[in-house]
1. Which pairs turn up if I take residues in segment 147-161 that are over 19 Å from ILE122 (Cα atoms) and look for partners that are among the aromatic types (Phe, Trp, Tyr) and part of a strand (DSSP E or B) with beta carbon separation below 9 Å, at least 6 apart in sequence or on another chain?
2. When only residues in segment 65-86 that are assigned to a strand (DSSP E or B) and in contact with a Gly (Cβ under 8 Å, 6 or more places away or on another chain) count, which is modelled with the lowest pLDDT?
3. Output yes when any residue across segment 37-45 is more than 20 Å from LEU163 (Cβ to Cβ) and modelled with pLDDT under 55, and no when none is.
4. Tell me whether segment 87-95 contains one or more residues that are at pLDDT below 85, charged (D, E, K, R), surrounded by 14 or more Cβ atoms within 10 Å (Cβ to Cβ) and touching a strand residue (DSSP E or B) at 6+ places or on another chain (Cβ under 9 Å).
5. Name the residues in segment 112-126 that are part of a strand (DSSP E or B), closer than 23 Å to VAL153 by Cβ and of a type outside the set (Val, Ile, Thr), would you?
6. Do the conditions hold for SER63, that is, is it surrounded by 14 or more Cβ atoms within 10 Å (Cβ to Cβ), among the hydroxyl-bearing types (Ser, Thr, Tyr) and out of contact with any helix residue (DSSP H, G or I) (no Cβ under 7 Å at 6 or more places or on another chain)?
Amino acid sequence: MIKCAALVALLSLVPGTAVAQSTLYGGGTVAIDSGSRYSYDTLPTSFPAVGGFIGFRFSDAWSMEVHGDRAFAESPEREVVVSILERYAVQDRAGPGFAVLAVWKTRRQSRVGAAVTMGLAIRQFRTERVSTGEPAGGYPLDAAVGVTGGVLVPIVLGRGWSLAPEVRFTPGLTGEHGSVVTLYSGVRAMWGF
């Protein structure tokens with residue numbers, strides 16, 4: 001995540017004239033990840049996520065992006081009884097998310113454009129012992145994986161910068177525990193798109 005942020009920061013220092021020639025673009029994103037996570041129903045239905053992305057443009061219309069973000073959500077503590085002598089409290093946490101997306105964008109007719117995204121998304125979840133922060137026995141790291149698709153509306157701000165509201169829908173599965181349906185809605189700040 002830090003490497004991605006450093007790369008985005010370095011890209012933003014490149015002079016504005018290189019934007020027309022650039023095949024790389026990147027930026028940051030702030031979003032709300034909402035939906036039903038059947039096996040992790042102790043987590044809030046919606047939680048914030050902050051991250052970044054980098055993209056590679058193949059043509060004027062098509063590009064590929066790699067996203068990484070960190071969600072901030074935890075469930076209330078609950079007690080687990082292992083035996084008469086062993087009890088401990090556990091808590092579910094939402095973790096990092098990753099997505100690989102193909103992006104198709106329309107030809108820009110004005111300052112406002114449109115783009116469609118499609119690809120794969122993953123969000124990690126973990127159940128931890130509250131006292132130590134270690135994985136709780138019998139609760140491995142879990143992940144929700146699914147096919148994702150959505151739209152974004154890039155608005156040109158100038159000097160290679162754009163702001164883009166984005167919505168992505170992801171139906172998926174979590175390990176052995178069931179299905180998830182999520183809606184990822186947020187705003188991107190992009191350079192070079």
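The values are calculated or read from the model by the stated rules, or taken from the named source; none is laboratory data. Predicted model, so just to flag it, every value in this text is computed and none were measured. Using ideal geometry, Cβ is built from the backbone for each residue, glycine included, and neighbour counts are taken over all protein chains shown.
1. Pairs that qualify, where the first residue is over 19 Å from ILE122 (Cα atoms) and the partner is among the aromatic types (Phe, Trp, Tyr) and part of a strand (DSSP E or B), are ARG159/TRP191; GLY160/TYR25; GLY160/TRP191; TRP161/TRP191.
2. Our first condition is that a residue be assigned to a strand (DSSP E or B); within segment 65-86, this holds for 65-71, 74, 78-81.
This time we only want the ones that are in contact with a Gly (Cβ under 8 Å, 6 or more places away or on another chain), so: 65-71.
On the way: GLU65: 96, VAL66: 97, HIS67: 96, GLY68: 96, ASP69: 95, ARG70: 94, ALA71: 91.
The selected residue is ALA71.
3. Going through segment 37-45, the residues more than 20 Å from LEU163 (Cβ to Cβ) turn out to be 37-45.
Among the residues that remain, those that are also modelled with pLDDT under 55 are: none.
Checked segment 37-45: no residue is more than 20 Å from LEU163 (Cβ to Cβ) and modelled with pLDDT under 55.
4. yes
5. Start the filter on segment 112-126 by keeping residues that are part of a strand (DSSP E or B), which leaves 112, 115-126.
Filter once more, so that each one left must be closer than 23 Å to VAL153 by Cβ: 112, 115-121.
Correct list: ALA115, MET118, GLY119, LEU120, ALA121.
6. Working: surrounded by 14 or more Cβ atoms within 10 Å (Cβ to Cβ): yes; among the hydroxyl-bearing types (Ser, Thr, Tyr): yes; out of contact with any helix residue (DSSP H, G or I) (no Cβ under 7 Å at 6 or more places or on another chain): yes.
In short, yes.
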